[in-house]
Amino acid sequence: TEGDSIFLINRRTEMKDDDVIQWMFENTLIAEINVTADRFTVNDDVLDGRFRDRLKLDNKTGSLTITNIGAKHHGHYILKTNSVRKSCYLSVN
């Protein structure tokens, strides 16, 4: 529902030394954790700033929270890890 938060869950309980976790919206990288490079990045200014101040990346598990969602946030989300690629489609009412 519009205005709610959505939780995109990576099923890990903790990060490993060689983990790379990427969250994509459509074909655009919106968040990434690269343990080897010690990089923790939230790209909330991409896509005309539609995610600005809305992305919360859990650096322990790699899960992503999007707060205060609206119609501009519906679409295809992709989780890429070292060994898994999962996707879901979010529809906002």
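The values are calculated or read from the model by the stated rules, or taken from the named source; none is laboratory data. Note that the structure is a prediction, hence the values are computed from the model and not measured. Glycine gets a Cβ as well: all are built from the backbone with ideal geometry, and neighbour counts include every protein chain shown. Accessible surface areas use protein heavy atoms only, side chains included; no ligands, DNA or RNA. Shrake-Rupley method; radii C 1.70, N 1.55, O 1.52, S 1.80 Å.
If Ile6 meets every condition in (1) open to solvent by 40 Å² or more (accessible area, probe 1.4 Å); (2) aliphatic (A, V, I, L, M); (3) touching a residue at least 60 places away in the same chain (Cβ under 8 Å); (4) farther than 20 Å from Lys72 by Cα apart from one, which number is that one?
Only one criterion in (1) open to solvent by 40 Å² or more (accessible area, probe 1.4 Å); (2) aliphatic (A, V, I, L, M); (3) touching a residue at least 60 places away in the same chain (Cβ under 8 Å); (4) farther than 20 Å from Lys72 by Cα is unmet by Ile6, namely (4).
Suppose we keep only residues that are under 18 Å from Ile33 (Cβ atoms) and at pLDDT 90 or above within region 63-93. Which one would you say is surrounded by the fewest Cβ atoms within 10 Å (Cβ to Cβ)?
Out of the qualifying residues, it is Thr65.
Just to be sure, is Lys56 open to solvent by 90 Å² or more (accessible area, probe 1.4 Å), assigned to a strand (DSSP E or B) and modelled with pLDDT of 90 or more?
On the way: open to solvent by 90 Å² or more (accessible area, probe 1.4 Å): yes; assigned to a strand (DSSP E or B): yes; modelled with pLDDT of 90 or more: yes.
Taking the combined requirement at face value, the residue satisfies it.
Hey, could you check region 23-53 for residues that are assigned to a helix (DSSP H, G or I) and free of Cβ contacts under 8 Å to residues at least 12 places away in the same chain and say which is least open to solvent (accessible area, probe 1.4 Å)?
Ranking the qualifying residues of region 23-53, first place goes to Gly49.
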